[in-house]
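Below is one structure; the comments refer to it alone.
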Amino acid sequence: MSFSKNTFTNIFGEISSEFNVYTIEDIASDEKRSIISGPFGSNISSKYFTEHGVPVIRGNNLTEDNTKFIDEGFVFVSEEKAKELNTYADVDDLVFTAAGTIGQVGIIPENSKFDRYVISNKQLRVTLDLNKVNQHYAYYWFSSKLINKYIKQLNTGSTIPLINLTILKGLPIPLPSKDLQDKIANIIINIDKKIEINKKINKNLEELIKHIYINWFEDFEPFKGNTFHDTKLGKIPNGWNVKPLHKFIKFQEGPGIRNWQYVEEDGINFLNIRCIQNNDLILNTANMISKEEANGKYAHFMLNEWDLVISSSGTLGRYAIVRKEHLPLCLNTSIIRFKPLHSINHYAYIYSYLTSRGFYHYLLTMGSGSVQLNFGPTHLKQIDLIVPPEDVLKRYNETVFPIIEKIVKIKAEINKLTKLRDTLLPKLMSGEIDVSKINCDLKIIIRKIYIKSSKLFLWRYLSENKNYIKNTKSNETLLKSRTIYKINKFLAKFTTRYRYYRQQ
């Protein structure tokens, strides 16, 4: 199957003379069944699922945001059923979505949790010839925005978007020499590694906040010496109160913005649920309304830095903090913004409460709707919460807000690195940036980013906090928590690396 260089240039733009255009069929392994579709739906329905066995790759394991593979959330089939299906996916294989969210692509990583997988009826799998193509180079091309847009244009479905094996086999890829592929892949891999490190740090920091919140306000460990009294929410320390949520937290639901109000350019972004991803705001797909409407009748819906936004329809409980670089930004229906009603010293407590398992339980149990759950101001006004005294709220804010602040800063850095990667990718894969003369170890270059403040903050904060915990008998549980242990283990490893890379 051929794809001429001229055709490629007309669709994707100019490429270097050192690059040639191939198709997936050209770079697939010569082995039989190197390019396959999933089984018929009736052959892999829920009646065949088991508690353990061979994991089934579905759409929830693939993304459009350069997350290589989501190695969790599987259903399983037995070993016997997997052999019968014979739709295996192994390490370094590419997996594409064939029905639904076409454009999703993943690669099975070397450190995958399972030895092998099978694909569902809505996926396609490609085993590559690694003598012809670097598997990571291929993944980065097929997950890029350029090819994602092209795949969506090839949709053959009327109701549900579809692509088939013929379309997959004909997808183009620009290839330089194998040596240049390796160098290009190496550059992007190391940027991705830095992004993943930052994501792991944030995950640990978020877990740390949850542990501190539970320790203080569910287990009441620092307050065990107090006397307690009964309330509708259980026993709480004397001097603490139970109040309606709307008398402690300010909230506002967005307006209903209609399609005919959208503008294509020179407008103001407004939020929708799909913009809230992985506890952050991704606005590259946000729609816009005119500046006149945004600053006129919707002026009171314009978001501010540090607003906490939470999805209130469909997938309930997605949340993110609005950063300065997100602005100007307008609230929209199905999303509620939250902020302290009385004092900024309440921010950490409000953030911790609204992202807690208890509040999420309220969302699920109180939400209404036959097709999809909805949760709004009416429901929020029915919720009561524990309100500690002002000195406790202030002390908690002094302890936790620096962690929240660091999470926000790291998310901003992730965003910058993502933009760098997405800007570099088409330039590298077209030959616009020549990497042929790069001989240095790119891992060293990228890893020098380690000396930035993110891990130093974590190191410094935990050292200070651990000293406080050691001197506070009531917090021994927190000190022994698995999260603290993991972070300290990570920091010990980082210390050695930091000293090494500092000398490079």
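The values are calculated or read from the model by the stated rules, or taken from the named source; none is laboratory data. None of these values were measured; they are calculated from a predicted model. FYI the Cβ positions are ideal-geometry reconstructions off the backbone, even for glycines, and counts take in every protein chain you see. Ligands, DNA and RNA are excluded from the accessible area calculation, which covers all protein heavy atoms including side chains. Shrake-Rupley method; radii C 1.70, N 1.55, O 1.52, S 1.80 Å.
Using the Karplus equation 6.51 cos²θ - 1.76 cosθ + 1.60 (θ = phi - 60°), what ³J(HN,Hα) coupling, rounded to whole Hz, does each residue of segment 183-192 give in order, writing x for Gly and Pro?
Per residue, the Karplus-derived 3J(HN,Hα) values read 5, 4, 4, 5, 4, 5, 4, 6, 5, 4 Hz.
Please name which of 238, 283, 41 has its Cα lying farthest along the dipole of the chain towards the positive end, using unit charges on Cβ (Lys, Arg +1; Asp, Glu -1) and the Cα centre as origin.
The listed residue farthest towards the positive side: 238.
Consider just the alpha-carbon atoms of segment 354-432 and return their Rg together with their Dmax, both in angstrom.
20.9, 62
May I ask which of 169/416; 83/152; 68/183 have a Cα-Cα span longer than 23 Å here?
169/416; 83/152
Whose amide H sits under 5 Å from the amide H of residue 277, counting only residues 5 or more places off or on another chain, with H placed in the peptide plane?
282
Students often check this: by mean Cβ neighbours within 10 Å, which of 79-91, 322-334 ranks highest, and how do the rest follow?
Output ranking for 79-91, 322-334: 322-334, 79-91.
Karplus couplings for segment 278-284 from phi (6.51 cos²θ - 1.76 cosθ + 1.60, θ = phi - 60°), rounded to Hz, Gly and Pro as x?
Each residue of segment 278-284 in turn: 6, 6, 8, 9, 10, 9, 5 Hz.
For residue 48, what accessible surface area do you get with a 1.4 Å probe? Give it in Å², rounded to 10.
It works out to around 70 Å².
Report the charge-dipole magnitude of segment 148-224 in Debye, nearest 20, computed about the Cα centre from +1 at each Lys and Arg Cβ and -1 at each Asp and Glu Cβ.
Approximately 460 debye in magnitude.
Tell me the relative contact order for the chain as a rounded percent, counting alpha carbon contacts under 8 Å between residues six or more apart.
15 percent
List the pairs from 247/394; 291/381; 203/232; 149/409; 5/32; 193/339 whose alpha-carbon separation is above 26 Å, in the order I gave them.
Pairs exceeding 26 Å: 291/381; 203/232; 149/409; 5/32; 193/339.
Among 188-200, 11-23, how do they line up from the highest to the lowest mean number of other beta-carbon atoms within 10 Å?
188-200, 11-23
Averaged over every viewing direction, what's the projected area of the C-alpha convex hull for segment 117-235? Give it in nm², one decimal, please.
That works out to 14.1 nm², a quarter of the Cα hull's surface.
Before rounding to the nearest 500, sum -39500 (n - 2.57) across all DSSP H runs of length at least 4 in the chain and divide by the residue total; then give [θ] at 222 nm in deg cm²/dmol.
Helix contribution divided over all residues of the chain: -12000 deg cm²/dmol.
Going by average Cβ density within 10 Å per residue, which order do the peptides 297-309, 151-163 take, highest to lowest?
Averaged packing, sorted descending, gives the order 297-309, 151-163.
What FRET efficiency, computed as 1/(1 + (r/R0)^6) with R0 = 22 Å and r the Cβ-Cβ distance, is obtained for residue 60 and residue 111, rounded to the nearest 0.05?
Once the sixth-power term is evaluated, E becomes 0.65.
Using the Cα gyration tensor of segment 143-203, with a ≥ b ≥ c the square roots of its eigenvalues, what is the shape: rounded (a/c below 1.5), prolate (a/b larger than b/c) or oblate (neither)?
oblate
What does the charge dipole of the chain about its Cα centre add up to, to the nearest 20 debye, if the Cβ of each Lys and Arg holds +1 and the Cβ of each Asp and Glu holds -1?
Dipole magnitude for the chain comes out near 1520 debye.
Could you give me the ³J(HN,Hα) list for segment 113-126, computed from phi with Karplus coefficients 6.51, -1.76, 1.60 and θ = phi - 60°, whole Hz, x at Gly and Pro?
Going residue by residue, I get 6, 10, 5, 7, 10, 10, 8, 7, 5, 10, 10, 10, 10, 10 Hz, with x marking Gly and Pro.
Report the Stokes-Einstein translational diffusion coefficient (µm² s⁻¹, integer) for the chain, Rh taken as the Kirkwood radius over Cα pairs, at 25 °C with viscosity 0.890 mPa s.
95 µm²/s
Would you give the gap between the C-alpha center of segment 242-309 and the C-alpha center of segment 340-396, rounded to a whole Å?
Cα centres, segment 242-309 to segment 340-396: 19 Å.
Over the chain, average the accessible area per residue using a 1.4 Å probe and give it in Å², no decimals.
With all protein chains present, the chain gives 49 Å² per residue.
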